[in-house]
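To start, the structure under review is shown below, and the notes come after it.
The values are calculated or read from the model by the stated rules, or taken from the named source; none is laboratory data. Nothing here was measured: the structure is a model prediction, and the numbers come from that model. In this analysis, Cβ positions are derived from the backbone assuming ideal geometry, glycine residues included, and neighbour counts consider all displayed protein chains. Accessible surface areas use protein heavy atoms only, side chains included; no ligands, DNA or RNA. Shrake-Rupley method; radii C 1.70, N 1.55, O 1.52, S 1.80 Å.
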Amino acid sequence: MGNSHQSRFRSDFHIPYGTGQGSQESSTGTCFGPMTMPSVKYQRGEMVMGRWPGSSLYYEVKVLRYDASSQLYTVIYKDGTELELKEQDIKNAAGFQTRSRSRSRSRSPGRRRSRSRSPARTTRRSSSRTAAAVATAAITESAPTSRRDAKLKDTPEVRLSPLSESKVEAESEKNQGRYNLRRRKDDGDAKALEIKPEKLEEKDAKLAAASAASLSSPLDFGGKMGAYFWLLFLPAWVLFLVLQVNLEDPSLANFPPLLPPFEAFWDAQALGFVILWVLFQVLLYILPVGKLSEGMPLRSGERLKYRTNGFFAIAVSAVAVVAAVHQGVDLTYIHSHFLQLATASLLISVLLSIYLYVRSRYAAPEQLALGGNSGNVVYDFFKGHELNPRIKDFDLKFFCEMRPGLIGWCLINFAMALAEMKEQSLNAPSYSMILVNLFQLLYVLDGLWNEEAILTTMDLMHDGFGFMLAFGDLVWVPFTYTLQAYYLVSHPNLLSLPALAAIVTLKLVGFYIFRKSNSEKNAFRRNPSDPKLSHLKTIPTATGKSLLVSGWWGVVRHPNYLGDLMMALAWSLPCGFSHLLPWHYMIYFIILLVHRDSRDMSECRRKYGSAWDEYCRTVRYRIIPRVY
């Protein structure tokens, strides 16, 4: 997460904040230059006219490469969209213009006049072209932003063939086998084509909506059936972990003999405490304190404003907690009612997700997230249908990412330290508990101090806000990332001074790698022209972005992952090796990083082509340096 400690449960069911996006791309590149390919009709780098899927419209495109096995040309449009086209759907630019002009001259003046005097005919031709333009806007997430290629922000110039007078084919599904649509990942880098809905005929508006729906992102997490599975499995898994950690022998193989009664899961007072905590964080968020930061451009070209005062919020929360303890409030209630608090948070996340989905049904098409626009209710509910749901200026997704769960994580850890002192009759928390509290507090403080960096991450720019993120922010983070502290309450682990020093060193080294690499990546994304970054070497790509191949990102492909892994190890080591449960975070994190790295590799190879192959040859190591 670039710097997104915030998203503890992002597109992979929690990628910690340093692992927001796999590749360190930024907008500085150029398209590949021409290259001789004698065995094919159109050469690499040649400017030709490519037919747009589902229509008779031709756009000026640039040939990127030719795949001999599939006999398809990969071309890039001016808006950055990449398609694979057959040879018959590509025309020579010069011959195309000549044929178009000769055809227009061959028409008799009378025929042209009669067409111009026919309102019905004019309307049909106009509406079909408008519908095609809307379909183009739907498929175009953004145009690449580049200091050298700013002109690519403009929408493609349409050159109409003689066939363009026919209507756009409504059934775009027929073209799925012929065209491989390659989505752009840099949403919001420039304005997409804007067409006012009131200027569309009802028929064209329906066609545009259908096109937008059919062009949503590929389904993740097992698709529609996977959404059903995760909706049931994730809450059940969290409740299982909470039940296990409360056992005298918290072995993962030692299942509770019987499920506790319903009363063990539910407590109205616990629900009230969770609601008060969320409302308290809402109050801190809306206070006119802190910086108003500007987000990245959306597909519409709009840049939203965010109140980045997370560090202020955790500071005030800390003062409030200390004052409450001083007044006699027993925070060990959090330990004794951990299961009820988790259930209450789960209920709130479900209700919030229902509200988010219902309101998304009334959102404008440009406000929807492409990844949660499948048309399937369950999948869109899980993945998130609306991109940036807001109540006036209150951004629901940004608030949940950074506030109640993340700050609540620190509150729960502190309560566990007090519970350990009470249960073990200690005058101060154990060294193991102190390390877990300090390490994870540093992680959260770093995220809130660099809160503005989340605005460049996948969560804010691409992912919709639905059950996946709501559950992750409000339940997964505070009730699974605190398992180490909860475990130590009843299972103390003494540390020798050498072990203590080694764990602290591991944490500091990991944090240094994590912070430096993320800061370098975030700075390069925001301003590749920054003189402070002039020493960095890059590989340009055809998408208009560049790949860093020096600095931290020249050592391994994911230096932030490496730092995060080292910190995760430092969180679990204080708990010892008696049980696997306190290692849940570490094990889970490794599985996610392996999956995320594999997905990054395939996606970047598809997106960047030969530039990615060159990058892989330049930066040999993936997460941890090793000899191939």
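Some points to look at:
- Residues in segment 507-564 that are farther than 19 Å from Asn450 by Cβ and hydroxyl-bearing (Ser, Thr, Tyr): Ser529, Ser534, Thr538, Thr541, Thr543, Ser546, Ser550.
- Residue check, Val48 open to solvent by less than 30 Å² (accessible area, probe 1.4 Å), under 20 Å from Thr541 (Cβ atoms) and either touching a residue at least 12 places away in the same chain (Cβ under 8 Å) or among the acidic types (Asp, Glu) (or both): no
- Meets criteria (in a helix (DSSP H, G or I), open to solvent by less than 40 Å² (accessible area, probe 1.4 Å) and either modelled with pLDDT of 95 or more or within 27 Å of Leu469 (Cα to Cα) (or both)) for Val350: no
- In the condition set (1) assigned to a helix (DSSP H, G or I); (2) open to solvent by 60 Å² or more (accessible area, probe 1.4 Å), Ser578 is compliant with all but (1).
- Residue within segment 316-331 that is assigned to a helix (DSSP H, G or I) and surrounded by 22 or more Cβ atoms within 10 Å (Cβ to Cβ) present: no
- Between Gln367, Gln340, the distinction of being modelled with pLDDT under 95 and over 25 Å from Val289 (Cβ atoms) belongs to Gln367 only.
- Index of the failed condition, Met37 passing every other in (1) farther than 30 Å from Phe524 by Cβ; (2) modelled with pLDDT of 80 or more: (2)
- Selection of segment 272-295 for residues being over 26 Å from Val475 (Cα atoms) and open to solvent by 40 Å² or more (accessible area, probe 1.4 Å) yields Pro288, Val289, Gly290, Lys291, Leu292, Glu294.
- Verdict on Leu593 being hydrophobic (A, V, I, L, M, F, W, C), farther than 15 Å from Tyr443 by Cα and buried (at least 22 other Cβ atoms within 10 Å of the Cβ): yes
- Restricting attention to segment 460-496, the residues being part of a helix (DSSP H, G or I), under 14 Å from Phe398 (Cα atoms) and touching an Asp or Glu at 6+ places or on another chain (Cβ under 7 Å) number 3.
- Taken over segment 354-382, the criterion of being part of a helix (DSSP H, G or I) and open to solvent by less than 10 Å² (accessible area, probe 1.4 Å) is satisfied by Leu356, Ser360, Gly372, Tyr379, Asp380, Phe382.
- Selection of segment 560-575 for residues being open to solvent by less than 10 Å² (accessible area, probe 1.4 Å) and modelled with pLDDT of 90 or more yields Met567, Ala568, Ala570, Trp571, Ser572, Pro574, Cys575.
- A single entry from Leu418, Leu438 fulfils the requirement of being without any contact (Cβ under 8 Å) to a residue 12 or more places away in the chain and either over 24 Å from Asn309 (Cβ atoms) or more than 24 Å from the chain's Cα centre (by Cα) (or both): Leu438.
- Segment 236-271, residues that are in a helix (DSSP H, G or I) and surrounded by fewer than 17 Cβ atoms within 10 Å (Cβ to Cβ): Ala236, Trp237, Phe240, Phe262, Glu263, Ala264, Ala268, Gln269
- Taking every residue in segment 222-239 that is over 15 Å from Ala342 (Cα atoms) and pairing it with any residue that is open to solvent by 90 Å² or more (accessible area, probe 1.4 Å) and assigned to a helix (DSSP H, G or I), at least 6 positions away or on another chain, the pairs with Cβ-Cβ distances below 7 Å are Gly222/Phe229.
- Checking Leu368, Leu347 one by one, the residue that is in contact (Cβ under 8 Å) with a residue 40 or more places away in the chain, of a type outside the set (Gly, Ala, Ser) and more than 28 Å from Trp266 (Cα to Cα) is Leu368 and no other.
- Residue list for segment 383-395, filter: surrounded by 16 or more Cβ atoms within 10 Å (Cβ to Cβ) and in contact with a strand residue (DSSP E or B) (Cβ under 9 Å, 6 or more places away or on another chain): His385, Glu386, Leu387, Asn388, Pro389, Asp395
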